[in-house]
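The values are calculated or read from the model by the stated rules, or taken from the named source; none is laboratory data. Every value quoted in this text rests on a predicted model; they were computed, and no experiment measured them. Counting neighbours? That spans all protein chains shown, and the Cβs are built from the backbone with ideal geometry, glycine included. When the accessible area is computed, the model is the full protein with side chains, heavy atoms only, and any ligands, DNA or RNA have been set aside. Shrake-Rupley method; radii C 1.70, N 1.55, O 1.52, S 1.80 Å.
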Amino acid sequence: MNQKQKDRKASLLAAIDRCENPYLLARIEALLKRDTLLQPIGELSKNYPSLLQIHSKRDLSVQTHLASKNQSKLLHYQELTAAPLFFTSLLMLLITAAILNNFSIGEEGIQLNPFLSKLAIVYSIGWLLYLLDFLIIIFLSVKSDTRIALNAFIPKVLSLLFPPLGLGLRHLVEPQKTWLPFYHWSLCNEGLLNRLKQQFSIPMIIIALLILPVVIIEWQFYEEVEAFLNTDLSFVLDMVQGFIWLAFALEFILLISITPDRLTYIKKNWIDLLIILLPFISFVRTLRIFKVARLTHLVRGYKLRALLMKARQGFIFASFFYRLLAIKPDFQIKKLKKKLDQNQAEREIIEEDLAKFAAWVQQKKRNL
């Protein structure tokens, strides 16, 4: 052991002597018990110092109101249109919620009221604006000789297929940034993701709770409430469910556009994804049945749509209770401790594999 390693060991021993955190001491004790098993990794690290670089690379900072380094015409255009496009995308998401939750089908065929017909026209106009914006960006990119980052270009193309995805579009040249209300251009990292999660947590619990009166009225008091309000209650209930869907979709689109690992986020929030996708499934299914089936099949399509909507209500319940439990300390501690144990088990397996490889390398050197 050289002098530098001796000094480092002395410094660590002094830090352990000062430490009064029982959790850290327990972790150190558990690691020391594996000293013999991990010894080959220590020998391997002498030739491969990268094994000693164990500091976290997580970025928990929240960096907002960032300025652009490039001042080309393309980026000047994006600066001017970032806010309007964000709120246009929000409007398009609102229209999508209204159409999905009020589109119905009866024995006589598709039932689309005049209000929804006008919404569909507004949606089409909004899509044309997105197409115009895309063409302008391509033109300015060529004219100003500014290359659009691939990580920003692909989401831009996808927003043409579904304009509400414009809520999470990236900076065209610096794709690590996205535009958000109040924050403006912000760095997409774990810090921003955690900040938005915290801001969404309580409002989303309250919004998910709105499904309770909807279900109670639908199952038990539909006729009484409709007679009391003297209005089309189905439209009102659809509007409430549309608002709930809007909130879930808004949260999901924003957070998944910021997270660095989208697949992991989807795995952790699959319930929210199902809540968002179920109305699309029923919508597409209904359209297909309308085009190719007879009237008896139309009724089956309506029943299928109703079944999918009930399934979505069930998932909203599940999401509500999960979010509510996540606030409770006991549930959070058990959940996080389980994740910690799973992570530790995976780490120990990897360390054991690395130790076996290190032993193989040492054996190979001896044989040479």
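Specify the angular offset, from 0 to 90 degrees and rounded to the nearest 10, of the alpha carbon long axis of helix 329-367 from the longest principal axis of the alpha carbons in the chain.
In the chain, helix 329-367 runs at an angle near 50 degrees to the longest axis.
Relative to the compact globular guide of 2.2 N^0.38 Å, what is the alpha carbon radius of gyration of the chain, as a ratio?
1.33
Got the relative contact order for segment 95-222 handy, in percent, Cα pairs under 8 Å and 6 or more residues apart?
Computed value for segment 95-222: 11 percent relative contact order.
What percentage of the solvent-accessible surface of segment 170-272, computed with a 1.4 Å probe over protein heavy atoms, is contributed by carbon and sulfur atoms?
Result for segment 170-272: 66 percent of the exposed heavy-atom area is carbon or sulfur.
Just the number, please: Stokes-Einstein D of segment 47-90 in µm²/s, Kirkwood Rh from C-alpha pairs, 20 °C, 1.002 mPa s.
Here the translational diffusion coefficient equals 147 µm²/s.
With an 8 Å cut-off on Cα pairs and a minimum separation of 6 or more residues, tell me the relative contact order of the chain in percent.
22 percent
Most fluctuating residue of Gln71, Gln342, Gln241 in a GNM of the chain with Cα springs under 10 Å: which is it?
Gln342
Under the rule that an exposed site lies in a DSSP loop and has at most 10 other Cβ atoms within 10 Å, name the longest stretch of the chain with no GluC sites (Glu not before Pro) of that kind, not counting the sites themselves.
Excluding the exposed sites themselves, the longest stretch runs over 109-368.
Quick check: the distance between the Cα centres of segment 244-272 and segment 171-240, to the nearest angstrom?
Their Cα centres are 13 Å away from one another.
Give the long-range amide H neighbours of Trp185: residues separated by 5 or more places, or on another chain, with amide H under 5 Å away, using H modelled in the peptide plane at 1.01 Å from N.
Placed amide hydrogens put His65, Leu66, Leu180 under 5 Å from Trp185.
What span do the alpha-carbon atoms of segment 1-106 cover on each of the three principal axes, reported in whole Å from largest to smallest?
The Cα atoms of segment 1-106 stretch 74, 50, 31 Å along the principal axes, largest first.
Could you check the spin-label model distance between Glu20 and Lys33? Points 7 Å from the Cα along Cα→Cβ, value in nm.
Between Glu20 and Lys33, the label points sit 2.6 nm apart.
A 25 angstrom limit on the alpha carbon distance is what I want to check against. Which of Lys73/Lys197; Lys267/Lys335; Lys33/Lys337; Lys33/Lys267; Lys33/Lys339; Lys46/Lys339 exceed it?
Beyond 25 Å between Cα atoms: Lys73/Lys197; Lys33/Lys267; Lys46/Lys339.
Per DSSP helix of 4 or more residues, -39500 (n - 2.57); summed, then divided by the residues of the chain. What does that give at 222 nm, rounded to the nearest 500?
-26000 deg cm²/dmol
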